[in-house]
1. Is there a residue in the stretch 10-31 that is closer than 20 Å to Val177 by Cβ, part of a helix (DSSP H, G or I) and open to solvent by less than 30 Å² (accessible area, probe 1.4 Å)?
2. Within the stretch 37-69, how many residues are farther than 25 Å from Phe104 by Cβ and surrounded by 15 or more Cβ atoms within 10 Å (Cβ to Cβ)?
3. Does the stretch 72-88 contain any residue that is closer than 20 Å to Val184 by Cβ, small (Gly, Ala, Ser) and out of contact with any Cys (no Cβ under 7 Å at 6 or more places or on another chain)?
4. If we only count strands (runs of 3 or more DSSP E) wholly inside the stretch 82-126, which ones have 2 or more residues that are small (Gly, Ala, Ser)?
5. Tell me which of these Tyr182 doesn't satisfy, since it passes every other one: (1) part of a loop (DSSP other than H, G, I, E, B); (2) crowded, with 18+ Cβ neighbours inside 10 Å; (3) of a type outside the set (A, V, I, L, M); (4) more than 12 Å from the chain's Cα centre (by Cα).
6. If I filter the stretch 87-122 down to residues being acidic (Asp, Glu) and more than 14 Å from Tyr53 (Cα to Cα), which single residue comes out as nearest to the chain's Cα centre (by Cα)?
7. What do you reckon, is Pro95 surrounded by 15 or more Cβ atoms within 10 Å (Cβ to Cβ), without any contact (Cβ under 8 Å) to a residue 12 or more places away in the chain and not small (Gly, Ala, Ser)?
8. Looking only at the stretch 142-159, decide whether some residue is out of contact with any Leu (no Cβ under 8 Å at 6 or more places or on another chain), part of a strand (DSSP E or B) and either without any contact (Cβ under 8 Å) to a residue 40 or more places away in the chain or surrounded by fewer than 18 Cβ atoms within 10 Å (Cβ to Cβ) (or both).
Amino acid sequence: MRRIVLYMQQTLDGQGADPANTMEWASVTQQTWDFVDELTAACDATVIGRGLYREFLGVWPAAATSDAASPGMRKLARWLRDTEKLVLTRTLEAPDPAWPNTTFVRDAEALRALRDGPGEDLLVAGGIGIAGALARAGLLDELWIHLNPAVIGEGRPLLADPLDLRLLEARPLDSGVVVLHYAVEHEEAR
């Protein structure tokens, strides 16, 4: 069975974004890109919400070939371009042709059916809203959190709903970021 794996950056005080909905505090280094390479190698699709899909359209399709993008960003952009994108939305009508391999998934149960089908893991590559929606639906199986050495005081919490987690791994990066890997303990598994 596939797993739905969330990867997000977070501050020490639990924020996933600052009040302006940016992540200027996130430390992204070559070690971050190496981690992303490892994670995407185990996934054959990405899951994003409607809002992040619209934001990503303004960045990732062009980054795949941009000389201004770092090599790590270009590599991730190509993976996102070439990989199936499952966009959880009830309102968008048709995928933008600028970003091929995009399928709109209308509800959590349709996503659950995809998770329970064949294939590699599904990567949730950001989005506080979708992270919360998937947590509430019992659809998050693993979390990879990059805990940044930053305290911003206010913002948007990464996850606001209760989750039972089991630590699988913790490793520091040279930047001071600590990579935390958790399994989500689902009630039916207890």
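The values are calculated or read from the model by the stated rules, or taken from the named source; none is laboratory data. Every value quoted in this text rests on a predicted model; they were computed, and no experiment measured them. With ideal geometry, Cβ positions are generated from the backbone for all residues, glycine too; neighbour counts draw on all protein chains shown. SASA here: full protein model, heavy atoms, side chains in, ligands and nucleic acids out. Shrake-Rupley method; radii C 1.70, N 1.55, O 1.52, S 1.80 Å.
1. No, the stretch 10-31 has no match at all.
2. Count: 1.
3. The answer is no; no qualifying residue exists.
4. none
5. (1)
6. The residue in question is Asp121.
7. yes
8. yes
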